[in-house]
1. Before we move on, is residue 199 buried (at least 16 other Cβ atoms within 10 Å of the Cβ) and either closer than 30 Å to residue 72 by Cβ or at pLDDT 80 or above (or both)?
2. Name the residue that is nearest to residue 148 (Cα to Cα), counting only residues in segment 79-93 that are in contact with a helix residue (DSSP H, G or I) (Cβ under 7 Å, 6 or more places away or on another chain) and surrounded by fewer than 17 Cβ atoms within 10 Å (Cβ to Cβ).
3. Just one of 139, 176 is in contact with a strand residue (DSSP E or B) (Cβ under 7 Å, 6 or more places away or on another chain), surrounded by fewer than 21 Cβ atoms within 10 Å (Cβ to Cβ) and modelled with pLDDT of 85 or more; which is it?
4. Which condition breaks for residue 36 when tested against (1) modelled with pLDDT under 80; (2) not in a helix (DSSP H, G or I)?
5. Residue 120 fails exactly one of the following numbered conditions: (1) within 15 Å of the chain's Cα centre (by Cα); (2) crowded, with 17+ Cβ neighbours inside 10 Å. What is the number of that condition?
6. Filter segment 96-119 down to residues that are part of a loop (DSSP other than H, G, I, E, B) and touching a residue at least 60 places away in the same chain (Cβ under 8 Å) and give me whichever is nearest to residue 212 (Cα to Cα).
7. Just to be sure, is residue 61 farther than 29 Å from residue 221 by Cα and at pLDDT 75 or above?
8. Which one is farthest from residue 157 (Cα to Cα) among residues in segment 204-218 that are surrounded by fewer than 18 Cβ atoms within 10 Å (Cβ to Cβ) and touching a strand residue (DSSP E or B) at 6+ places or on another chain (Cβ under 7 Å)?
């Protein structure tokens, strides 16, 4: 009987210690499961584009090279952080291992870079109004960032709806950005109701600018989760709705007040900033069947 009591006490104490450790030490983020891009890939894309198109001489190539150097310096700074702080910064186990063993090579830079993941687009509703002969569609997209992005960067999310041949119009929406603390990983700052701007040559697309970093009252925060609600309408009873979506970031500087969005065919053209990297999230999400259709 005495042994059973001792065993029970041992189990109780062990569980208490384990639960305590769970609260003391943050857990690493899960490996991203959506469509993911990292900083290194974006910079290399910009560098390759600069080599192919030298309309501005070597200026763009030089800026891309500077961005790569800044990224490597940033990762070396992350290497000095304790593992608990890296976990709090939402780095995955594989990213943390790469940071701890970072040697400045391109291979390790890619493995240690922060990432952005676009999760599956959710088409919330598609409604046809017979009295106005218009189709209205709404989408909901979430994004997750793993790790701390390089400093001196701004970003924009662009979204648009079309029917596979023509853009919708009357687009509206909002972007909510949640920022995590550098120090304990908690969500301490949120920007919401970012309504964005319509494209210069289409009212069916908008872009939403946001800061990747914030410094508020001496405390540093970085963007971690993004939630986009977006809707637009078009004349007629539309059967297929396609969502086009992209993410761009620019190096902050005197001329980088914001981004400029325009549409070209059924894709985006984004300009602005000193140095720019853009992701066109590959798949155009189009829905014909199984998409809620009201009247």
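1. On the way: buried (at least 16 other Cβ atoms within 10 Å of the Cβ): yes; either closer than 30 Å to residue 72 by Cβ or at pLDDT 80 or above (or both): yes.
Yes.
2. Among those that are in contact with a helix residue (DSSP H, G or I) (Cβ under 7 Å, 6 or more places away or on another chain) and surrounded by fewer than 17 Cβ atoms within 10 Å (Cβ to Cβ), it is 79.
3. Numbers: 139 fails: surrounded by fewer than 21 Cβ atoms within 10 Å (Cβ to Cβ).
Sole residue among the options that is in contact with a strand residue (DSSP E or B) (Cβ under 7 Å, 6 or more places away or on another chain), surrounded by fewer than 21 Cβ atoms within 10 Å (Cβ to Cβ) and modelled with pLDDT of 85 or more: 176.
4. Of everything listed in (1) modelled with pLDDT under 80; (2) not in a helix (DSSP H, G or I), residue 36 misses just condition (1).
5. (2)
6. Within segment 96-119, the first condition is being part of a loop (DSSP other than H, G, I, E, B), and the residues that meet it are 101-105, 113-114, 119.
Now narrow it down to the ones that are touching a residue at least 60 places away in the same chain (Cβ under 8 Å): 113-114, 119.
Values: 113: 15, 114: 12, 119: 19 Å.
Per the stated criteria, the residue is 114.
7. Working: farther than 29 Å from residue 221 by Cα: yes; at pLDDT 75 or above: yes.
For residue 61, the condition - farther than 29 Å from residue 221 by Cα and at pLDDT 75 or above - is met.
8. Our first condition is that a residue be surrounded by fewer than 18 Cβ atoms within 10 Å (Cβ to Cβ); within segment 204-218, this holds for 211, 214-218.
Keeping just the survivors that are touching a strand residue (DSSP E or B) at 6+ places or on another chain (Cβ under 7 Å) gives 211, 214, 216.
On the way: 211: 11, 214: 18, 216: 23 Å.
Here the residue is 216.
The values are calculated or read from the model by the stated rules, or taken from the named source; none is laboratory data. If you're wondering where the values come from, they're calculated on a predicted model, not measured in any experiment. So basically every Cβ, Gly included, is an ideal-geometry build from the backbone, and we count neighbours across all protein chains shown.
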